[in-house]
1. Which one is modelled with the highest pLDDT among residues in the range B:31-63 that are over 19 Å from the mean Cα position of the chain (by Cα) and hydroxyl-bearing (Ser, Thr, Tyr)?
2. Here are some conditions: (1) more than 18 Å from B:ARG133 (Cβ to Cβ); (2) hydroxyl-bearing (Ser, Thr, Tyr); (3) within 14 Å of another protein chain (Cβ to nearest Cβ). B:THR28 meets all but one. Which one does it not meet?
3. Name the one entry in B:ALA78, B:ALA95 that is at pLDDT 95 or above, surrounded by fewer than 18 Cβ atoms within 10 Å (Cβ to Cβ), aliphatic (A, V, I, L, M) and in contact with a strand residue (DSSP E or B) (Cβ under 8 Å, 6 or more places away or on another chain).
4. Just need a number here: residues in the range B:284-311 that are away from ligand 2 (no atom under 16 Å from the Cβ) and either modelled with pLDDT under 95 or open to solvent by 20 Å² or more (accessible area, probe 1.4 Å) (or both).
5. With the structure loaded, tell me whether B:ALA4 is over 24 Å from the mean Cα position of the chain (by Cα), open to solvent by less than 60 Å² (accessible area, probe 1.4 Å) and more than 23 Å from B:GLY282 (Cα to Cα) or whether it fails that test.
6. Just name the residue that is nearest to A:TYR88 (Cα to Cα) out of those in the range A:26-45 that are in a strand (DSSP E or B), within 14 Å of ligand 2 (Cβ to nearest atom) and of a type in the set (Ser, Thr, Tyr).
7. Take the range A:32-45 and flag every residue that is away from ligand 1 (no atom under 16 Å from the Cβ), within 14 Å of chain B (Cβ to nearest Cβ) and over 13 Å from the mean Cα position of the chain (by Cα).
8. Would you pick out the residues in the range B:370-418 that are open to solvent by 30 Å² or more (accessible area, probe 1.4 Å), under 30 Å from the mean Cα position of the chain (by Cα), within 14 Å of chain A (Cβ to nearest Cβ) and of a type outside the set (Asp, Glu)?
Amino acid sequence: MWIEVCKADEIDEEDVLRFDHEDRTFAVYRTDKDEYYATDGYCTHEKFHLSNGLVMGSTIECPKHNGRFDVMTGQAKRAPVCVDLKTYPVKVENGTVYIEL
Amino acid sequence: MLQAGMVIIGAGEAGARAAVELRTLGWTGAITLIGEEPHAPYERPPLSKQALLSPDAPSPTYILDDEKLKEHDIEWIAGTPVTAIDRAHRTVRLADGREIAYAKLLLATGARPRQLPLLPMNGTPVAGARYLRTYGDALKLRDKLQTGKRIVIVGAGFIGLEVASSAIERGCKVTVVEVGPRILMRGVPIQIAQIVEERHRAAGVDFRIGISIEAIHCADSDGSVNSLTLADGTTIEYDEMIVGIGAIPETSLAASCGLQLENGICVDETLATSDPSIYAAGDCCSFEHPLYPGRRIRLEAWRNAQDQGTHAASAMLGEKAPFASVPWFWSDQYELTLQVAGLVDFGSETIVRELQDGAKLYFHLADDGRLVAVSGIGDSVVIAKEIRIGQILVETGAKPVPQALGDPDVKLKALLRG
Ligand SMILES: Cc1cc2nc3c(=O)[nH]c(=O)nc-3n(C[C@H](O)[C@H](O)[C@H](O)COP(=O)(O)OP(=O)(O)OC[C@H]3O[C@@H](n4cnc5c(N)ncnc54)[C@H](O)[C@@H]3O)c2cc1C
Ligand code: FES
């Protein structure tokens, strides 16, 4: 099911937005190449919102202990994170961002 | 004979990261990780925080568990200290008599708590003082932090204050004694130290700052109570004493095989010791940092142990790049997180930026306007990203306009591009 997240311009370029839906939390990214991606909202190391982290290109860095993930694949890229993030399909239609859950 | 492989002494933060990195970088020979502790490599930061608070006996937070060690084909020898290094034959000797040959050796032996100097105390040396470095120490301490117990903490550094915060949460009565002129003397600006001190006072901590301990009286069978006597003659009765007065680098192996020492094991910019086949990383080594020239530094921080462990692995495989990661650490006390990126003492001017919910950032500029450190305190959600951006500015040697730093309406990320 596609769920509406926000307007495409509500996320700055190279930035991330927290999106809560029912009892779950997600992180929705816009990369430096103006592409949109979505992952689970919490870091896989501790329960910390990735939306407070820094997006660099297509990498999100968790601010708690600087673990890194590739936002496109969810792959864990740097210690201390070692478990990959779950990713979700994203589409942008008529200026609105949707994720598929 | 088997070909000599990579040997790592000390299965802590730096040692464990180095072992994994050697594999990640493609080393296919043997990797032997030798630790004197019985546990697989685990994280120390939770020991003064979650481990003391958890209602059930906590288990260690592993950096590498058995499964991961196997997956990376790391030979892990537990509960066995290395007792000697033979540099001429390139072997290490273990307490159980085994000898292991190395092609390259990494010393990641960490640090040990500094012991309280002997004080007149019922005529015998200090007994009953607790220290916190290992998982075993944390388990014992956790059992002692019972509601209503009087806890005295000697030393107002990170470990002492984190234990104070955990003890308060466990319902203890806490007194902190510090001989220095203020709390958090090392690496933290006075503005942050004041905020932390106020928070502790609000929680009920009784501080005795700028005063030394004259004597310790330990309870004996005659039913007397434990007490401390301070220089001004006041006495503090207590049930448990925890000492957090700093750490001493573990250099005994390095010293006995003749490696150069200076406040730790001396390493060059690639983390090689005075013997080019031997490297050192983490709390045990001292080094010169390209961003902070003119001084040999030694850090006791989790990120540094990781970064140096990772860097040493690449150096052991022949990479010559200098180690230049910006120092970074954090501490959690109550609901507050403090973080520091860079070295505050290299700054001469401080600029504050107010963030939401009372959080604060401080920018530390050197005489020439270069940003040498960024520190912050508040909710980690508010400060963490800003500190990280600050760290990148420090790394690039930026000289940001002070007005922009102080103005919360100027996005820090914009300064990265500027
Ligand atoms: C209670 C506590 C809380 C902390 N909290 C924070 C925090 O909030 N933030 C932060 O940035 N940092 C924190 N730190 C600091 C951080 O944990 C250390 O900087 C880090 O663990 C250092 O890693 P290391 O590998 O150099 O040493 P260690 O992790 O100490 O590992 C060294 C290992 O070597 C072993 N060893 C020593 N000699 C021998 C020998 N001869 N043979 C075999 N093994 C040997 C030791 O037993 C030990 O297991 C904390 C530390 C403690 C103790
Ligand atoms: S919580 Fe994300 S790296 Fe630790």
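1. B:THR32
2. (3)
3. Working: B:ALA78 fails: in contact with a strand residue (DSSP E or B) (Cβ under 8 Å, 6 or more places away or on another chain).
Matching residue, one of B:ALA78, B:ALA95: B:ALA95.
4. Number satisfying all stated conditions: 11.
5. Working: over 24 Å from the mean Cα position of the chain (by Cα): yes; open to solvent by less than 60 Å² (accessible area, probe 1.4 Å): yes; more than 23 Å from B:GLY282 (Cα to Cα): yes.
For B:ALA4, the condition - over 24 Å from the mean Cα position of the chain (by Cα), open to solvent by less than 60 Å² (accessible area, probe 1.4 Å) and more than 23 Å from B:GLY282 (Cα to Cα) - is met.
6. Step one: filter the range A:26-45 for residues in a strand (DSSP E or B), giving A:26-30, A:36-40, A:42.
Still in the running and within 14 Å of ligand 2 (Cβ to nearest atom): A:27, A:39-40, A:42.
In the following step, the residues that additionally are of a type in the set (Ser, Thr, Tyr) were identified as A:39, A:42.
Details: A:THR39: 6, A:TYR42: 14 Å.
Restricting to residues being in a strand (DSSP E or B), within 14 Å of ligand 2 (Cβ to nearest atom) and of a type in the set (Ser, Thr, Tyr), the top hit is A:THR39.
7. A:ASP32
8. B:VAL381, B:LYS385, B:THR396, B:LYS413, B:LEU416, listed by residue number.
The values are calculated or read from the model by the stated rules, or taken from the named source; none is laboratory data. A quick note: this is a predicted structure, and the numbers were derived from the prediction, not measured. When we count neighbours, we look across all protein chains shown, and the Cβ atoms used for this are built from the backbone with ideal geometry, even at glycine. Just the protein is used for accessible areas: all its heavy atoms, side chains included, with ligands, DNA and RNA removed. Shrake-Rupley method; radii C 1.70, N 1.55, O 1.52, S 1.80 Å.
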